[in-house]
Amino acid sequence: MNGIDARKTWMGLLARAPQVALEQAWAALGLDPGYSWLRAPGVGTVMVRGRAGGTGAPFNLGEITVTRASLRLACGTVGHAYVQGRSTAHSTRAALVDALMQTDAAERVRALVLDPLAQAEAAARTGRAAKAAATKVDFFTLVRGEN
């Protein structure tokens, strides 16, 4: 995976992560890097587009609330984040992790923040799949003799 794809992956994971889980992982990391705001956390809306049946013509489905933040670490590395909802703390932590993943601390951040978040996301996905599988109905046809 190249650098851009890897960054897309961790930024997506940070955006999807529950805020509580991200805060716990951040606390486990134990870093408090100095940073300055390029763009302080701000709440806004974005238009969500959909497609009928997943393949039809795109249409405007509606708006969702997002919070974005951009910051620069003391070393000059820049981090960005967009998260759904109104949590400035979530967007700040996500931007900090994004910036730190571009520094020498990347392996430590991956081990203590990203890997636990990815494992929790996978477990939640597996749990949802198991719950859905429990409601699955198998239909079958019995072959009846010629009347």
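Residues checked against (1) at pLDDT 95 or above; (2) not charged (D, E, K, R):
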residue	(1), (2)
61	no, yes
78	yes, yes
84	yes, yes
92	yes, yes
144	no, no
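Can you name the residue in region 57-79 that is in a strand (DSSP E or B) and in contact with a Leu (Cβ under 8 Å, 6 or more places away or on another chain) and is also surrounded by the fewest Cβ atoms within 10 Å (Cβ to Cβ) among such residues?
Applying the filter and picking the extreme gives 78.
Within region 48-61, residues that are under 24 Å from residue 85 (Cβ atoms) and free of Cβ contacts under 8 Å to residues at least 24 places away in the same chain sit with their Cβ atoms under 9 Å from residues that are exposed (fewer than 10 other Cβ atoms within 10 Å of the Cβ) and of a type in the set (S, T, N, Q), at 6+ positions apart or across chains, in these pairs: 48/60; 49/60; 50/60. Scanning region 81-123 for residues that are assigned to a helix (DSSP H, G or I) and basic (Lys, Arg), we see that the one that is farthest from residue 67 (Cα to Cα) is 108.
Of all residues in region 15-27, none are crowded, with 18+ Cβ neighbours inside 10 Å and in a strand (DSSP E or B). Of the candidates 11, 47, the single residue that is surrounded by fewer than 12 Cβ atoms within 10 Å (Cβ to Cβ), hydrophobic (A, V, I, L, M, F, W, C) and touching an Asp or Glu at 6+ places or on another chain (Cβ under 7 Å) is 47. Entry remark, region 28-47: residues being of a type outside the set (Val, Ile, Thr), over 16 Å from residue 80 (Cα atoms) and either in contact with a Pro (Cβ under 9 Å, 6 or more places away or on another chain) or not in a helix (DSSP H, G or I) (or both) number 5 in total.
The values are calculated or read from the model by the stated rules, or taken from the named source; none is laboratory data. The structure presented is a predicted model; accordingly, all values stated were derived computationally and were not measured. Backbone-built Cβ (ideal geometry, glycine too); neighbour counts: all protein chains shown.
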